[in-house]
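Okay, so here's the structure we're looking at.
The values are calculated or read from the model by the stated rules, or taken from the named source; none is laboratory data. Note that the structure is a prediction, hence the values are computed from the model and not measured. All Cβ positions, even for glycine, are placed from backbone atoms using ideal geometry, and neighbour counts span all protein chains on display.
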Amino acid sequence: MTYQLPYRPRRLRSSSAIRALVEECQLTASDFVLPVFVTEETSPSEISSMPGVFRWPAVGIEEKVREWRQMGIRAFALFPKIDPQKKDGSGSEILNPDSLVYRTAAAINRLNLDIVLIADLALDPYTTHGQDGVLLPDGVVDNDQTVEILANASMVCAGAGFDMVAPSDMMDGRVGIIRKTLDENSFQHTGIISYSAKFASSYYGPFRSAIKSSSAEGGVDKRTYQLNPSNLKEAKRELWLDFQEGADMLMVKPAEPYLDLIYYAHTNINLPIAAYQVSGEYSRIMAADQLGWLDWKKCALESLVCIKRAGANLIFSYFADRIVSELD
Ligand code: PBG
């Protein structure tokens, strides 16, 4: 029995050669930013809720970065796990130029590896309460006081050799104030990759245990500044505000649950769009793999290519170091 079908789309899927010929989107090593956790401790420790991801001792991290660079990864975002004794209510350790993350950046920078070093700019690794800002007496995060600290911290980042700062706090107006502060202090070349549309997501849990930023019972509630996952219009507005305030790149975070917004940003805004495949997106795949329910490598590749297809120009991913060797 043979039908006279006018269309047989399966012709384009009939061999691996033709599938390769018509493939619309490919991942490459230069798409990735690898998030790297650094610690004062002297040996690497695996993060229990993120199998395969480690906190790396700052001392000696140069070797590791060289290795990643050789694999083809050319962008890194550093996240410090701060000693609890150095934390306080206003996260003042973020302004200490000798603090862990600045020393690490300076050491990596001395290698001259032709890479992009990105500083995550937020107070939560440094505050005792784990919020991304300074608290008013009623417990609400004070926007403008927090922005002032972040703007000052952006200069410390630039001075330490970070190429870009990535404000991940969701305070109002911070991109404009950070840009102005950098420019007025001769850091015109330091870029801003803004976490513009960062949602109040439950997928950040493993990250918060990785840097031990969530001391509160039941986790830290960030809904007075991070976006409501239901709100697409509000998220678009945040993207445009950061565009107007002078960000060099805009980010959507998390990634896979928010492909509609990535697609919108890619289609409408003439800036590179980053997507952050966050800790929980990583962990859910790894956990299912450990249960024998999913194949982590195939799921990671699928998730990442879909994030790219939706319109991400660069992807922050904890899979980056293990996925680049799978790409051709
Ligand atoms: C800090 C920050 C967070 C993440 C990146 N920067 C956590 C948060 O906002 O609570 C999450 C990253 C991840 O889950 O992988 N502001």
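Looking only at residues that are closer than 19 Å to PRO229 by Cα, more than 8 Å from the ligand (Cβ to nearest atom) and not in a helix (DSSP H, G or I) in the stretch 179-217, which one is farthest from the chain's Cα centre (by Cα)? Selected residue: ALA200.
Of the numbered criteria (1) of a type outside the set (D, E, K, R); (2) within 16 Å of the ligand (Cβ to nearest atom); (3) free of Cβ contacts under 8 Å to residues at least 12 places away in the same chain, the one ALA235 fails is (3).
Residue pairs whose Cβ atoms lie under 8 Å apart, separated by 6 or more positions or on different chains, with the first residue in the stretch 272-298 and more than 18 Å from ALA310 (Cα to Cα) and the second in a helix (DSSP H, G or I) and of a type in the set (Val, Ile, Thr), are LEU294/ILE285; TRP296/ILE285; LYS297/ILE323.
Taking the conditions exactly as written (closer than 24 Å to ILE323 by Cα and surrounded by 11 or more Cβ atoms within 10 Å (Cβ to Cβ)), does VAL22 satisfy them or not?
On the way: closer than 24 Å to ILE323 by Cα: yes; surrounded by 11 or more Cβ atoms within 10 Å (Cβ to Cβ): no.
Judged against the criteria, VAL22 is not a match.
Selection of the stretch 17-73 for residues being farther than 24 Å from LEU121 by Cα and under 19 Å from the mean Cα position of the chain (by Cα) yields LEU27, THR28, ALA29, PRO51, GLY52, GLY72. Among the residues of the stretch 46-85, those identified as within 19 Å of GLY205 (Cβ to Cβ) and touching a strand residue (DSSP E or B) at 6+ places or on another chain (Cβ under 6 Å) are GLU46, PHE54, ARG55, ALA77, PHE79, PRO80, LYS81. Within the stretch 162-178, the set of residues being of a type in the set (Gly, Ala, Ser) and either under 18 Å from GLY89 (Cα atoms) or assigned to a loop (DSSP other than H, G, I, E, B) (or both) comprises SER168, GLY173.
State which residue is surrounded by the fewest Cβ atoms within 10 Å (Cβ to Cβ) when the search covers only the stretch 255-287 and only residues that are of a type in the set (Ser, Thr, Tyr) and closer than 12 Å to PRO206 by Cα. Steps first, please.
Looking only at the stretch 255-287, we keep the residues that are of a type in the set (Ser, Thr, Tyr), and these are 258, 263-264, 267, 276, 279, 282-283.
Filter once more, so that each one left must be closer than 12 Å to PRO206 by Cα: 279, 282-283.
Details: SER279: 24, TYR282: 26, SER283: 20.
For the stretch 255-287, the residue satisfying everything is SER283.
Sort out which residues of the stretch 47-65 are surrounded by 14 or more Cβ atoms within 10 Å (Cβ to Cβ) and within 18 Å of VAL116 (Cα to Cα), and write them in order of number. Result: ALA58, ILE61, GLU62, LYS64, VAL65. Looking across GLU234, GLU238, one residue alone is surrounded by 15 or more Cβ atoms within 10 Å (Cβ to Cβ), among the acidic types (Asp, Glu), modelled with pLDDT of 95 or more and not in a loop (DSSP other than H, G, I, E, B). It is GLU238. For the stretch 219-227, check the following and say yes or no: at least one residue is in a loop (DSSP other than H, G, I, E, B), exposed (fewer than 14 other Cβ atoms within 10 Å of the Cβ) and acidic (Asp, Glu). Yes, that holds for at least one residue. Could we say that ARG309 is within 16 Å of the ligand (Cβ to nearest atom), more than 15 Å from the chain's Cα centre (by Cα) and of a type in the set (Lys, Arg) here? No.
Being closer than 23 Å to LYS64 by Cα and among the β-branched types (Val, Ile, Thr) is the requirement here; does VAL101 meet it?
Details: closer than 23 Å to LYS64 by Cα: yes; among the β-branched types (Val, Ile, Thr): yes.
Against the criterion (closer than 23 Å to LYS64 by Cα and among the β-branched types (Val, Ile, Thr)), VAL101 qualifies.
When you scan the stretch 47-161 for helices (runs of 4 or more DSSP H) that lie fully inside it, which ones turn up with 3 or more residues that are in contact (Cβ under 8 Å) with a residue 24 or more places away in the chain and under 24 Å from GLY173 (Cβ atoms)?
Working: elements: 61-71, 100-109, 143-160.
Output list reads 143-160.
Does LEU291 satisfy the criteria of being loosely packed, with under 15 Cβ neighbours inside 10 Å, more than 13 Å from the ligand (Cβ to nearest atom) and not acidic (Asp, Glu)? Please lay out each step first, then the result.
Values: loosely packed, with under 15 Cβ neighbours inside 10 Å: yes; more than 13 Å from the ligand (Cβ to nearest atom): yes; not acidic (Asp, Glu): yes.
Yes: the conditions hold for LEU291.
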